[in-house]
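Every number in this text was worked out from the coordinates using simple rules, so none of it is lab data. Remember, predicted model here, so these are calculated numbers, not experimental data. A quick note on method: Cβ atoms are made from the backbone with ideal geometry, for glycine too, and the neighbour counts reach across all protein chains shown.
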């Protein structure tokens, strides 16, 4: 596991959230089990990447205490 200072983590989450908002309407093909699936958007995929970056509930609770927006649903 890679440990980052909390400021770097918060900055990375913020940049990814902005990316998700910017591309929330751009359609793309989803993938499941290494084969094409139904359509989704790049923004939605980015929100899933955000969730992977915050795997532990304790980290989520800490960030929520800082009033950091954890995901932007598209």
Compactness index (Cα Rg / 2.2 N^0.38 Å), region 1-46
1.46
Quickly work out the residue 28-to-residue 42 label distance, labels modelled 7 Å from Cα along the C-beta direction, and quote it in nm with one decimal.
0.7
